[in-house]
1. Only one of Gly388, Gly318 is within 14 Å of Met134 (Cβ to Cβ), in the same structural domain as Phe435 (by TED's automatic domain parsing) and at pLDDT below 85. Can you tell me which?
2. Scan region 394-417 and tell me whether some residue there is charged (D, E, K, R) and closer than 20 Å to Asn334 by Cα.
3. For Gly71, which of the numbered conditions (1) among the small types (Gly, Ala, Ser); (2) more than 29 Å from Leu308 (Cα to Cα); (3) free of Cβ contacts under 8 Å to residues at least 12 places away in the same chain fails to hold?
4. So if I check each of Phe306, Phe258, Phe329, which one is surrounded by fewer than 22 Cβ atoms within 10 Å (Cβ to Cβ), of a type in the set (A, V, I, L, M, F, W, C) and either in the same structural domain as Leu356 (by TED's automatic domain parsing) or assigned to a helix (DSSP H, G or I) (or both)?
5. Assess whether Val382 counts as being at pLDDT 85 or above and either surrounded by fewer than 23 Cβ atoms within 10 Å (Cβ to Cβ) or in contact with a helix residue (DSSP H, G or I) (Cβ under 8 Å, 6 or more places away or on another chain) (or both).
6. Across region 161-200, which residue is surrounded by the fewest Cβ atoms within 10 Å (Cβ to Cβ) among those that are assigned to a helix (DSSP H, G or I) and at pLDDT below 85?
7. So which helices (runs of 4 or more DSSP H) are wholly in region 1-111 and hold at least 3 residues that are buried (at least 20 other Cβ atoms within 10 Å of the Cβ) and modelled with pLDDT of 85 or more?
8. Being over 16 Å from Thr62 (Cα atoms) and either touching a Gly at 6+ places or on another chain (Cβ under 6 Å) or among the aromatic types (Phe, Trp, Tyr) (or both) is the filter here, so list the residues in region 107-126 that pass it.
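The values are calculated or read from the model by the stated rules, or taken from the named source; none is laboratory data. Keep in mind that what you see is a predicted model, and the values were worked out from it rather than measured. Cβ placement follows ideal geometry from the backbone for every residue including glycine, while neighbour counts extend to all protein chains displayed.
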Amino acid sequence: MITNSKWTALGVLSIGTLMSTLDGGMVSAAFPALVEAFDTDASTVLWVNVAFWVTNVGLLLTMGWLGDVFGRRRVFSVGYLVFTVGLLLAAASLEVWQIIASRIVQGIGSAMTLSNLNALITNSFPSNERGKAMGISGAVVGIGLSVGPLLGGFLLDSLDWRALFYTRAPVGLLGSIMAWTMLTPDRNGEGKFRIDFLGATALFVTLGTLLLALNQGGRHGFESIYVISLTLISLGSLPLLVWTQKRSARPIIDISLFQSRQYTFALLVLVSHYLSHGPILLVAPFFLVNSLEFSASKMGVFLAGFVLGRVFCAPFAGHLSDRFGPRPFLLFGNCLTAMSLFWLSTIGLNTADLALFLALSSAGVGSAFFEPVVTSTIMGSVQKERLGTASASVAMGRHIAFSVGVTLAGAIFAIREPFHLAKTGMETSAIAGAFSDTLLVAVILATAAVVFSIGTSKQAL
């Protein structure tokens with residue numbers, strides 16, 4: 001039975017959001033157990049996440065296009081099911097390559113759900129409630145990011161690594177059934193389009209090899225033959241991608257979206273904001289553990305402060321943006337983020353724990369005021385038949401910005417740590433100094449997000 005209830009739709013979609021955001025923290029917690037279970041090394045086990053991440057990002061735009069053409073409910077529901085099959089395959093894996101292959105399956109399913117998630121929310125709510133809906137979805141993201149590592153640790157202690165996968169399978173199956181039966185069918189009827197497999201392949205190769213080059217460059221060095229080869233493959237496939245998109249009647253990469261000033265500036269705000277997260281995602285754990293000598297659990301509590309703001313503030317920010325327009329909240333969120341990152345850059349080895357937690361939390365609050373508003377702005381700036389493509393661009397922009405931001409933070413940290421070590425002769429001080437330097441670059445990126453926010457509309461769309 002199909003229901004048109006917007007809140008029922010948001011509830012069904014929130015299950016998918018929670019499944020997706022729980023995944024990263026839960027699987028990362030299993031790395032040590034996987035190394036022991038498969039008698040392998042950490043560099044091999046890291047491919048459990050790399051394979052998922054590259055597949056997911058590489059297919060987002062294609063899956064958003066499929067949703068626009070063949071129906072977002074259909075693609076989302078099948079994506080739920082594909083992700084669930086990947087969970088079961090992972091739980092049954094006997095070799096490390098099998099679990100990596102299962103993560104590729106999960107990456108395909110995740111791309112199908114994430115690329116159409118915001119489009120389905122936008123389609124379910126009127127424009128004057130879109131920000132509120134995105135805010136609630138952002139709160140669910142905060143819950144998933146906070147609970148994922150804790151739930152993963154509990155399952156590892158109580159059961160084993162396989163439980164991280166099979167315990168989520170019933171939820172995934174239920175979510176797939178609920179999505180298929182409770183979301184409104186939305187297949188686009190504007191003609192028939194064939195899947196451009198050559199274009200989809202060119203897009204995946206271009207994005208996938210670029211992301212792998214960025215990811216592996218931090219480990220092997222950007223001058224390594226491996227990373228240079230990946231970069232050349234990405235550049236070599238780019239002309240084929242351009243050619244396939246020019247000849248397509250319905251291209252996967254819709255350049256016409258950038259004719260909208262609102263879409264362009266909002267996407268620039270999104271990318272520059274998430275670029276500034278690099279030091280928190282990569283360097284902060286080293287600073288907390290190796291400089292401040294936090295335990296792993298204490299580090300987890302402090303880093304959770306960075307995402308908890310989404311739970312409490314995102315719905316509030318989204319609701320207000322429906323009434324007063326996006327620009328004030330984009331400006332406030334990015335200004336608060338920039339100031340909080342600067343505050344973090346001044347924190348030294350003798351700073352009180354409360355000040356550190358407040359700085360991390362205020363940065364998270366800034367992100368909470370920004371995220372649902374920028375998503376609502378992007379989704380409101382495109383035509384209804386392009387909602388899937390816009391939804392995919394939000395997820396892809398976020399993931400690529402995270403990747404580049406982490407790579408940039410790692411490079412700055414690697415350059416500045418020896419400088420501070422030579423200056424102070426203390427490893428703890430060197431890490432703290434390098435962390436501060438990476439944060440100053442993050443402040444510049446967050447400030448760029450403030451500038452781009454000025455280009456967005458004052459009024460809600």
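1. Answer to the check: Gly318.
2. yes
3. The single condition Gly71 does not satisfy is (3).
4. Phe258
5. It is false that Val382 is at pLDDT 85 or above and either surrounded by fewer than 23 Cβ atoms within 10 Å (Cβ to Cβ) or in contact with a helix residue (DSSP H, G or I) (Cβ under 8 Å, 6 or more places away or on another chain) (or both).
6. For region 161-200, the residue satisfying everything is Phe197.
7. 6-29, 47-70, 72-91
8. Phe125
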